[in-house]
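A.B. asks: Below you will find the structure I want to go over with you.
The values are calculated or read from the model by the stated rules, or taken from the named source; none is laboratory data. Quick caveat, the model's predicted, so the values are computed rather than measured. Don't worry about glycine lacking a Cβ; one is built from the backbone with ideal geometry, like all the others, and counts go over all protein chains shown.
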Amino acid sequence: MKKYEYKRVLTSKFFGAYLDDQHRQIIDEYAAKGYRYVGFIPTNMTSHGKIEAMDLIFEIEEK
């Protein structure tokens with residue numbers, strides 16, 4: 001059975017939808033724990049479609 005974890009990431013309010021290396025650090029951190037990155041879900045968007053927050057999704061095989 002698979003177990004899923006979600007990590008919220010906020011995008012910058014400046015100059016569009018810029019992300020620093022925060023998402024890469026989070027993915028590397030979860031990979032070191034044995035999780036696999038499977039995708040993301042936008043959780044907050046403006047009326048113009050800019051993503052302001054998203055959940056990164058990770059899975060691991062539960063023992």
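A.B. asks: Select from segment 38-62 the residues that are under 12 Å from residue 27 (Cα atoms), touching a Leu at 6+ places or on another chain (Cβ under 9 Å) and surrounded by 14 or more Cβ atoms within 10 Å (Cβ to Cβ) and list them in ascending order.
C.D. replies: 40
A.B. asks: Tell me, which residue of segment 44-62 that is in contact with a Lys or Arg (Cβ under 7 Å, 6 or more places away or on another chain) and without any contact (Cβ under 8 Å) to a residue 60 or more places away in the chain is farthest from residue 10 (Cα to Cα)?
C.D. replies: 60
A.B. asks: Kindly indicate whether residue 30 is part of a strand (DSSP E or B), modelled with pLDDT of 85 or more, under 15 Å from residue 60 (Cα atoms) and not aliphatic (A, V, I, L, M).
C.D. replies: Considered against the rule, which asks whether it is part of a strand (DSSP E or B), modelled with pLDDT of 85 or more, under 15 Å from residue 60 (Cα atoms) and not aliphatic (A, V, I, L, M), residue 30 comes out as no.
A.B. asks: Hey, among the residues in segment 39-60 that are in a strand (DSSP E or B) and more than 18 Å from residue 22 (Cα to Cα), which one's modelled with the lowest pLDDT?
C.D. replies: Going through the qualifying residues, I end up with 45.
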